[in-house]
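This report refers to the structure that appears directly beneath it.
The values are calculated or read from the model by the stated rules, or taken from the named source; none is laboratory data. This structure is a prediction, so every number in the text was calculated from the model and none was measured. Cβ coordinates were reconstructed from backbone atoms using ideal geometry, including for glycine residues, and neighbour counts include every protein chain displayed.
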Amino acid sequence: MAYIHDGSGYAGLGGPGCGPACGCGSCQQQRGALSEFYYEGEGRDQPRLTGWGMGGFNEAPAPATVTRDLRVVVKSYIAPIGGRTGSPYCGGLLNPTADLKLRALALATDAAMSENPLTDAKDKRYRLYSARTFTVTCNGGRIASVAPTPIDADTGTECIPRTSTCLQPPPLIVYGVTAGMTSPTTFQFSWTAKGRPHLGAEPAFQLVCPRTSVFIWHNVSGRIECAGGEPRVAIRLTGSRFPSHRVFVNGVIQPPTVPQGTYNNLWVPAGVSDPTLVR
């Protein structure tokens, strides 16, 4: 679980130290003139704070209303494989031909991919891309409202090395979408996205070993709360054992990245309940 902080708070305001027992004229003037304090920023309106106790009146300020956007972006991508191929699912050492085919396909995949996304840009340099923005309004320590956008989904192109030929895989499938208040102070959300290679690329995988696990996937869940008057989000990210998975919040990478396992995981199904998913 990685705790992700977005935005910055503002410093509180303190009184000049003139208490109610003071009988001096200057203090009486301060109490008469400064019983209300507010701040207006330059160029944009800031929350108005009323009833601020300046002379020890102990009046609490009215809750400040703050609205912020939290954009959550998940990318699944193929990092360099190198020698981390594993053994073919259809025999390993008992099937040396499949082992050679697996290593050859890994070399071709490295030549075409070797991805390492450092921004949340929708630039096709990934296998799976899913994103959602939450407009959060905080009123003190409570969530006044959360407005989520529709989920934005995309798949990266599959280009043949040293050519200009690229294939566009089928659209991403997004499911298990949830979003809603779970308490007056907590909003929770989640979704799962899965995608498969272009149908023209699948025969290369089947040539190594027959497989049913054609879909890689990622799942993201999160909890939004208000702390110090600002929205905060805690993220949990999981995904198939191949490839890698990374999450961004407002353009910033949030650890930990989920590293990819060995290449042969693409031939291992998640289970009998859905053999089309990579484990």
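Key figures
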{"quantity": "Matching strands (runs of 3 or more DSSP E) fully within region 143-198 where at least 3 residues are more than 18 Å from Ala111 (Cα to Cα), more than 17 Å from the chain's Cα centre (by Cα) and assigned by TED's automatic domain parsing to the domain that holds Gly222", "calculated": "173-183"}
{"quantity": "Selected residue (criterion: surrounded by the fewest Cβ atoms within 10 Å (Cβ to Cβ)) from residues of region 56-71 that are farther than 23 Å from Thr238 by Cα and modelled with pLDDT of 95 or more", "calculated": "Thr67"}
{"quantity": "Positions within region 104-113 being surrounded by fewer than 16 Cβ atoms within 10 Å (Cβ to Cβ) and either hydroxyl-bearing (Ser, Thr, Tyr) or touching a helix residue (DSSP H, G or I) at 6+ places or on another chain (Cβ under 9 Å) (or both), in sequence order", "calculated": "Ala104, Ala108"}
{"quantity": "Top-ranked residue of region 72-96 - restricted to ones that are closer than 13 Å to Leu266 by Cβ and buried (at least 19 other Cβ atoms within 10 Å of the Cβ), ranked as modelled with the lowest pLDDT", "calculated": "Tyr89"}
{"quantity": "Test: residue in region 180-192 that is of a type in the set (Gly, Ala, Ser), more than 17 Å from Ser76 (Cα to Cα) and free of Cβ contacts under 8 Å to residues at least 24 places away in the same chain", "calculated": "yes"}
{"quantity": "Close pairs from region 71-95: first at positive phi, partner modelled with pLDDT of 95 or more and among the β-branched types (Val, Ile, Thr), Cβ under 7 Å, at least 6 apart", "calculated": "Gly86/Thr262"}
{"quantity": "Condition check for Ser221: buried (at least 22 other Cβ atoms within 10 Å of the Cβ), in contact with a strand residue (DSSP E or B) (Cβ under 9 Å, 6 or more places away or on another chain) and of a type in the set (Gly, Ala, Ser)", "calculated": "no"}
{"quantity": "Residue ID - modelled with the lowest pLDDT, chosen from residues in region 250-278 that are more than 20 Å from Arg132 (Cα to Cα) and of a type in the set (Val, Ile, Thr)", "calculated": "Val272"}
